[in-house]
Amino acid sequence: MKVAVITSPHFFVEENAILNAMFEEGLNTLHIRKPDSEPIFCERLLTLLDHKWYDRIIVNDHFYLKNEYNLKGIHLSSRNPELPRGYKGFYTRSCDLYNIDEWKDKCGYVFLDINPAVLHRAQADHHISRNVYAKDIRSIDDILLAKEYGFGGVVLEDIIWDQFDFHESSNYKDLVDWFRELKKAAE
């Protein structure tokens, strides 16, 4: 399975170093999600990331950054539900059980929040495929379950960022080790 990471909604000092390290460990796709942020701060983060990763980065806001930095694509959600006029590039989308069939074959991949009720219904209704990524992963067991159910990938967010104290820590080795464990579980 592929592994995507969504950034913390807040900027922090070691963020670029952590993200570069995750890419080195095999991160497939990074979603830069910084709601309500000023574009200049997202641009700053991008300039601090190694340029070789740009073709693996998707922006969830400030869609113009996709072209300006030659990024992989954009992500649609309830906050930004429409493709920009004339957009022809790669895109992903957050979905629920009610609109997943509409989007899963149009997008590069879609996110589906999983919980036991959703997971059971998604499987029963044949919504799960290689281009559906399980979101809201809370444990390694969730990753193994997503793999068993046939998801094409997992989306890591809180399971990553809850392991790091943004205000107190500059040592991110444990966080990268944790990412490595999660990535291994998805293989």
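The values are calculated or read from the model by the stated rules, or taken from the named source; none is laboratory data. In this text, all values refer to a predicted model and were calculated from it rather than measured experimentally. Virtual Cβ from ideal backbone geometry, glycine too; neighbours counted across all protein chains shown. Please note that ligands, DNA and RNA were not included when accessible areas were found on the heavy atoms of the full protein model with its side chains. Shrake-Rupley method; radii C 1.70, N 1.55, O 1.52, S 1.80 Å.
Values computed for the structure shown
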| item | result |
| --- | --- |
| Relative pair counts by distance (%), Cα atoms of the chain, 10 Å bins | 9, 38, 37, 15, 1 |
| Extended-chain gain in nm, criterion 0.36 nm per residue less alpha-carbon gap, Glu38 and Arg121 | 26.0 nm |
| Solvent-accessible area of Met1 with every protein chain in place, 1.4 Å probe, in Å² to the nearest 10 | 40 Å² |
| Cβ-Cβ FRET estimate between Asn67 and Lys106, R0 fixed at 22 Å, reported to 0.05 | 0.60 |
| Accessible area per residue in Å² at 1.4 Å probe, computed on the chain | 51 Å² |
| Gain on full stretching of the segment that runs from Arg138 to Asn171 - 0.36 nm per residue minus C-alpha separation | 9.6 nm |
| Over the chain, relative contact order from alpha-carbon pairs under 8 Å, at least 6 apart, % | 22 percent |
| Neighbourhood net charge (14 Å Cβ-Cβ; Lys/Arg +1, Asp/Glu -1) for Ala185 | -1 |
| 16 Å tail of the calculated P(r), the stretch 79-178, as % of Cα pairs | 61 percent |
| Base-10 log of normalised Debye intensity for the stretch 1-100 (one unit scatterer per alpha-carbon) at q = 0.13, 0.17 Å⁻¹ | -0.44, -0.75 |
| Theoretical ellipticity at 222 nm over the chain - DSSP helices of four or more residues, -39500 (n - 2.57) apiece, nearest 500 | -9500 deg cm²/dmol |
